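Notes to accompany the following structure.
The values are calculated or read from the model by the stated rules, or taken from the named source; none is laboratory data. Keep in mind that what you see is a predicted model, and the values were worked out from it rather than measured. As a convention, Cβ positions derive from the backbone with ideal geometry for all residues, glycine included, and neighbour counts pool all protein chains shown. What goes into the accessible areas is simple: the full protein's heavy atoms, side chains included, and nothing from ligands, DNA or RNA. Shrake-Rupley method; radii C 1.70, N 1.55, O 1.52, S 1.80 Å.
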Amino acid sequence: MIRHLLKISDFSKAEIEKIINKAVEMKENPNKFDSTLKGETLLMVFEKPSLRTRISFEVGMQQLGGHAIFYSIKDSPLGRKENIHDTAKSAARYVNLIAARLFKRHDLWDLAQYAEVPVINMLDDFAHPCQMMGDFLTIKEKKGRLEDFKIGYFGDAYNNVTYDLMRIAAMFGLRLDVACPKGAEFLPEQVVLDEVSQLSKETGAKIEVVHNAFDAAKDSDIIYTDSWMSYGIPIEKEEERRKIFMPYQVTQKIMEAAKPDAIFMNCLPAKRGYEQTTEVIDGSQSFVFDQAENRLHSQKAIMLFLREKF
Ligand code: CP
Ligand code: NVA
């Protein structure tokens with residue numbers, strides 16, 4: 001059976017740990033892996049913009065001895081000229097892996113259903129599993145463990161990154177307070193809450209949606225935020241959203257309400273003065289560039305795993 005990574009819970013907790021451990025090994029000794037995907041090709045399909053994801057996958061594939069193709073479908077969206085099934089079936093005849101950053105989850109799922117090679121989600125409207133792998137590698141490095149901690153998340157909760165953060169926190173039995181404005185536009189979708197509640201039953205995780213930022217910060221080991229203006233949100237919405245999300249901005253006071261050794265995380269791109277103050281993102285508790293770097297190491301491990309190389 002072909003495995004895909006469409007959301008973080010497509011992998012088990014044991015598989016996530018195995019991939020993170022491999023990423024640690026690959027980060028320490030990259031030369032040992034420089035031919036592990038020799039002669040292999042990754043197709044990267046982009047419908048939305050990217051800095052980190054595009055560069056880290058392309059460099060990662062090159063460091064493994066393989067080759068990556070960047071294919072932008074911005075001007076000819078999937079399913080318009082031919083159906084997604086035909087795109088998936090054709091592409092899979094040329095390449096060993098497909099990674100895609102698409103607007104709609106159903107397009108991604110269709111791609112995975114018909115591609116006869118593993119498909120990796122590089123961000124849709126439902127998940128960002130590669131981000132979670134990099135982030136949990138970062139947490140392991142900074143905290144020395146992947147259990148027994150509390151995360152406070154702040155801002156937009158109707159959001160791909162938030163959804164996978166909720167899923168992985170549930171899988172690892174963590175505490176996560178998601179602090180966000182009231183209103184369906186800003187809250188997690190019911191389908192995500194249901195999945196998270198099911199996952200939590202097995203692990204004892206405590207995932208809660210709250211509306212007071214200081215409640216979420218209290219006792220947190222990790223303070224996490226994401227963009228208030230995700231890719232695709234029209235610029236006309238910016239001012240209205242800025243006002244709505246401002247009570248959830250991560251400020252130095254929020255950091256002080258968390259544990260003294262709390263770390264600040266943001267998957268980036270970030271806007272200073274929006275999701276967090278400049279003082280916080282550029283402060284000593286911030287590890288946002290370690291997160292960015294760890295995308296590279298963890299994605300290399302994900303690709304090896306999906307190609308059944310370990
Ligand atoms: N965090 C992340 O996915 O960044 P990019 O949008 O730059 O790829
Ligand atoms: N929620 C953000 C994540 C960017 C990596 C977005 O969708 O733009």
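What Kirkwood Rh does the chain have if only Cα atoms enter the pairwise 1/r average? Answer in Å. Present the calculation step by step, with values, prior to reporting the outcome.
Values: mean 1/r = 0.0509 Å⁻¹.
After inverting the mean inverse Cα-Cα distance, the result is 19.7 Å.
For the pair Asn83 and Thr278, what calculated FRET efficiency results from E = 1/(1 + (r/R0)^6), where r is the Cβ-Cβ distance and R0 = 41 Å, to the nearest 0.05?
0.30
I need to check one value: relative contact order of region 67-215, counting alpha carbon pairs closer than 8 Å and at least 6 residues apart, in percent. Numbers along the way, then the final one.
On the way: 223 pairs, mean separation 24.8, N = 149.
Relative contact order comes out at 17 percent.
How high is the FRET efficiency between Glu256 and Ile2 when r is their beta carbon distance and R₀ equals 51 Å, given to the nearest 0.05? Walk me through the numbers on the way to the answer.
On the way: r = 48 Å, r/R0 = 0.94.
That gives a FRET efficiency of 0.60.
Could you tell me the center-to-center distance, by alpha carbons, between region 282-310 and region 12-75 in angstrom?
Cα centroid to Cα centroid, the span is 9 Å.
If a/c stays under 1.5 just call it rounded; otherwise compare a/b with b/c (prolate if a/b is bigger, oblate if not). Do that for region 32-143, with a ≥ b ≥ c from the square roots of the Cα gyration tensor eigenvalues. List each step's numbers first, then the result.
Details: a/c = 2.00, a/b = 1.32, b/c = 1.51.
Cα axes put region 32-143 in the oblate bin.
If r is the Cβ-Cβ distance from Phe310 to Ser90 and R0 is 22 Å, what FRET efficiency results, to the nearest 0.05?
So, using R0 = 22 Å, E works out to roughly 0.15.
Taking GluC sites (Glu not before Pro) as candidate sites, keep only those in a DSSP loop with at most 16 other Cβ atoms within 10 Å, then name the longest stretch of the chain containing none of them. Could the numbers behind the result be given before it?
Values: sites that count: Glu82, Glu116, Glu147, Glu185, Glu189, Glu308.
Answer - 190-307.
Multiply the residue gap between Ser35 and Arg145 by 0.36 nm, knock off their C-alpha separation, and tell me the result in nm, one decimal place. If you can, show how the numbers build up before the last one.
On the way: separation 110, 0.36 × 110 = 39.60 nm, distance 3.05 nm.
Between Ser35 and Arg145, full extension yields 36.6 nm more.
Once you have the Cα-Cα distance between Glu28 and Phe103, take 0.36 nm times their residue separation minus that, and quote the gain in nm to one decimal. Could you put the intermediate results ahead of the total?
Details: separation 75, 0.36 × 75 = 27.00 nm, distance 3.48 nm.
Computed gain between Glu28 and Phe103 is 23.5 nm.
On each of the three principal axes of the Cα atoms of region 136-293, give max minus min coordinate, whole Å, ordered largest first.
Extents along the principal axes, in whole Å: 42, 36, 29.
Counting Lys and Arg as +1 and Asp and Glu as -1, what is the net charge of the other residues whose Cβ lies under 10 Å from the Cβ of Asp177?
Numbers: positive: Lys150, Arg175, Lys206, Lys218; negative: Glu208, Asp215, Asp219.
It works out to a net charge of +1.
Add -39500 (n - 2.57) for each DSSP H run of 4 or more in the chain, then divide by its residues: what number comes out at 222 nm, to the nearest 500 deg cm²/dmol?
Numbers: 12 runs with 130 residues, N = 310.
Here the helix-only value at 222 nm equals -12500 deg cm²/dmol.
Between region 249-263 and region 144-217, what's the alpha-carbon centroid distance in Å?
Taking the Cα centre of region 144-217 as reference, the centre of region 249-263 is 18 Å away.
Per residue, how much accessible area does the chain have with a 1.4 Å probe, in Å²? Provide the component values of the computation, followed by the final result.
Numbers: 13430 Å² over 310 residues.
On a per-residue basis, 43 Å².
Ordering Phe287, Phe103, Phe46 by accessible area with a probe of 1.4 Å, largest first, what comes out? Write out the running numbers ahead of the final one.
On the way: Phe287 50, Phe103 80, Phe46 10 Å².
Solvent-accessible surface, decreasing: Phe103, Phe287, Phe46.
Can you tell me the dipole magnitude for the chain around its Cα centre, using point charges on the Cβ only (Lys, Arg +1; Asp, Glu -1), in Debye to the nearest 20? Working shown, then result.
On the way: 42 positive and 46 negative charges, 106 e Å.
Rounded to the nearest 20 debye, it is 500 debye.
Determine the share of the chain's accessible area contributed by carbon and sulfur atoms, expressed in whole percent, with a 1.4 angstrom probe.
Values: 6730 of 13430 Å².
In the chain, the share of accessible area belonging to carbon and sulfur is 50 percent.
List the aspartates and glutamates whose Cα lies under 15 Å from the Cα of Lys32, skipping any in the same chain that are fewer than 8 positions away.
Within the straight-line cut-off, Lys32 pairs with nothing.
Report the longest stretch of the chain that contains none of the trypsin sites (Lys or Arg not before Pro) sitting in a DSSP loop with at most 16 other Cβ atoms within 10 Å.
Working: sites that count: Arg3, Lys38, Lys74, Arg80, Lys81, Arg93, Lys104, Arg145, Lys182, Lys218, Lys271, Lys309.
By the stated rule (loop sites, at most 16 other Cβ atoms within 10 Å), 219-270.
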